[in-house]
Amino acid sequence: MPDLTAKKQRPVWYNLSPVNLPLPGLVSIFHRVSGLLLFLALIWMIYLLDLSLRSEADFNHLKEYLGFPIVKLGLLVLLWSFLHHFCAGIRFLFLDLHKGIDLPTARATSYVVFVASILLTVVLGAKIW
């Protein structure tokens, strides 16, 4: 029977923070988070659409509501979420076709996803703000 004290000591705590993930792993996690955020924000967006189509007075109320900085920030976050989810989704479609699965290409496309989503957010977010 093996000696129990001779067993390798197992770590008590595993560091699972996403900060230690490689860039493709971060893209994957942000893709899931952005999808969840878009799903949860769907109720708010449908309410805003309903409010804009209800009447002229409600539309004017909506324009006033969308003028608040916190609402604009929320729309900016949703815009980034959509753009990141879209760009990462295209990357994952190529990965499903076995294109870009080698490590240097995977890192490069992950970098492109982050840069493209941020740049598109800045360009399109300028219209919101």
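Taken together, the values in this text are just the output of simple stated rules run on the coordinates, not laboratory data. It should be emphasised that the depicted structure is a prediction, and the values quoted were computed from it without experimental measurement. As a convention, Cβ positions derive from the backbone with ideal geometry for all residues, glycine included, and neighbour counts pool all protein chains shown.
Some points to look at:
- For Lys72 and Tyr111, the FRET efficiency from 1/(1 + (r/R0)^6), where r spans their Cβ atoms and R0 equals 30 Å, is about 0.60.
- Gain upon complete extension [Leu23, Met45; 0.36 nm per residue less C-alpha separation]: 4.9 nm
- Against the rule of thumb 2.2 N^0.38 Å, how large the Cα Rg of the chain comes out: 1.55
- Between Lys99 and Leu36, the simple spin-label model (points 7 angstrom out along Cα→Cβ) gives 3.1 nm.
- Taking 17 Å as the straight-line reach from the Cα of Lys72, the aspartates and glutamates in range (excluding those fewer than 8 positions away in the same chain) are Glu64.
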